[in-house]
Amino acid sequence: MKQIIADLNWRYATKQYDATKKLTNEQLEIVKDSLRLTPSAYGIQPLKFIFVASPALREQIKEIAFNQGQVVDASHLLIICSYTSIDEDYLDNHVSLVTETRNTPAERAAGFSEFLKKNILNMADSDVEPWNVHQAYIALGQLLHTCASMRVDATPMEGFNAKKLDELLGLSDQKVKSVLLCPIGFRSTEDNYQHLAKVRKPKEQLFQTI
């Protein structure tokens, strides 16, 4: 149990990455598995995770992200995206996956499909889009703890022009939008932020029992 708190105390919003240090293939696969296993509403995973491997593309994204160096210096750059809408085909594919994975009886699968479509397809796109965005932040929380447990740094970033990034990558053609950037890698010894005390409210101000 103490290890969980040690992991969370270790992590911080890394400002400078060591560009010479890279994640191992094993570490990267653990990151991917963690994102794949992240919880989401109804389990429909309305998310897409894009790793940007091209150095040239990362330089372009750096400009879009107000020239923050983490974008190019970190071992990996992850873009967490959410779907802008959910249609009937998307839900049918999800139900098929559930049925195949769990060997669900046809009658129960049909009931689950009806339930999903009743609750989701009746939602306006203006409601679905922010609902999906919220799922991205659930994934981010799991990602940050997973990385910290491996002593890998990760910096969640909202400081970028999402419209320009979506245009650069043609994300609207995939029916998704960028929500967060998250450079992943290893802190530079020159990043003084790692030595600062973590500032958090005391428990007495944060928690209430009623």
Every pair of residues 6+ apart whose Cβ atoms lie under 8 Å, when the first sits in the stretch 22-36 and is more than 13 Å from D153 (Cα to Cα) while the second is small (G, A, S): L35/A139
In the stretch 44-67, residue nearest to T155 (Cα to Cα) [restricted to those that are surrounded by 14 or more Cβ atoms within 10 Å (Cβ to Cβ) and touching a Phe, Trp or Tyr at 6+ places or on another chain (Cβ under 8 Å)]: A65
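Condition check ((1) among the charged types (D, E, K, R); (2) buried (at least 17 other Cβ atoms within 10 Å of the Cβ)) across all residues:
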{"position": "F160", "(1), (2)": "no, yes"}
{"position": "K175", "(1), (2)": "yes, no"}
{"position": "S178", "(1), (2)": "no, yes"}
{"position": "S188", "(1), (2)": "no, yes"}
{"position": "A197", "(1), (2)": "no, no"}
{"position": "K201", "(1), (2)": "yes, no"}
Members of the stretch 157-210 that are part of a helix (DSSP H, G or I), more than 19 Å from the chain's Cα centre (by Cα) and under 28 Å from T20 (Cβ atoms): L168, N192, Y193, Q194, H195
Residues that are surrounded by fewer than 13 Cβ atoms within 10 Å (Cβ to Cβ) and not in a helix (DSSP H, G or I), drawn from the stretch 88-120: N103, P105
Qualifying residues in the stretch 16-26 (those that are charged (D, E, K, R) and surrounded by 14 or more Cβ atoms within 10 Å (Cβ to Cβ)) - the one nearest to K177 (Cα to Cα): K22
P130 vs. criteria under 18 Å from V179 (Cβ atoms) and in a helix (DSSP H, G or I): yes
Set Q60, Q68: member being polar (S, T, N, Q), under 22 Å from the mean Cα position of the chain (by Cα) and part of a helix (DSSP H, G or I): Q60
The stretch 1-28, residues that are in a helix (DSSP H, G or I) and modelled with pLDDT under 95: K2
Single condition P156 does not satisfy, out of (1) of a type outside the set (G, A, S); (2) within 30 Å of E88 (Cβ to Cβ); (3) surrounded by 11 or more Cβ atoms within 10 Å (Cβ to Cβ): (2)
R187 vs. criteria in contact with a helix residue (DSSP H, G or I) (Cβ under 6 Å, 6 or more places away or on another chain) and under 23 Å from Q142 (Cβ atoms): yes
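For (1) closer than 21 Å to V52 by Cβ; (2) not assigned by TED's automatic domain parsing to the domain that holds D73, each residue gets a yes or a no:
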{"residue": "D92", "(1), (2)": "no, yes"}
{"residue": "L97", "(1), (2)": "no, yes"}
{"residue": "T101", "(1), (2)": "no, yes"}
{"residue": "A109", "(1), (2)": "no, yes"}
{"residue": "E129", "(1), (2)": "no, no"}
{"residue": "C147", "(1), (2)": "yes, no"}
{"residue": "T155", "(1), (2)": "yes, no"}
{"residue": "G170", "(1), (2)": "yes, no"}
Residue check for A136: under 16 Å from S40 (Cβ atoms) and either surrounded by 17 or more Cβ atoms within 10 Å (Cβ to Cβ) or among the hydrophobic types (A, V, I, L, M, F, W, C) (or both): yes
Residue check for S40: at pLDDT 95 or above, closer than 27 Å to W131 by Cα, among the polar types (S, T, N, Q) and not assigned by TED's automatic domain parsing to the domain that holds W131: no
Residue within the stretch 27-38 that is farther than 23 Å from A13 by Cβ and either among the basic types (K, R) or crowded, with 17+ Cβ neighbours inside 10 Å (or both) present: yes
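The values are calculated or read from the model by the stated rules, or taken from the named source; none is laboratory data. Quick caveat: nothing in here was measured; it's all calculated off a predicted structure. Cβ sites come from the backbone with ideal geometry, for glycine too, and all protein chains shown count toward neighbours.
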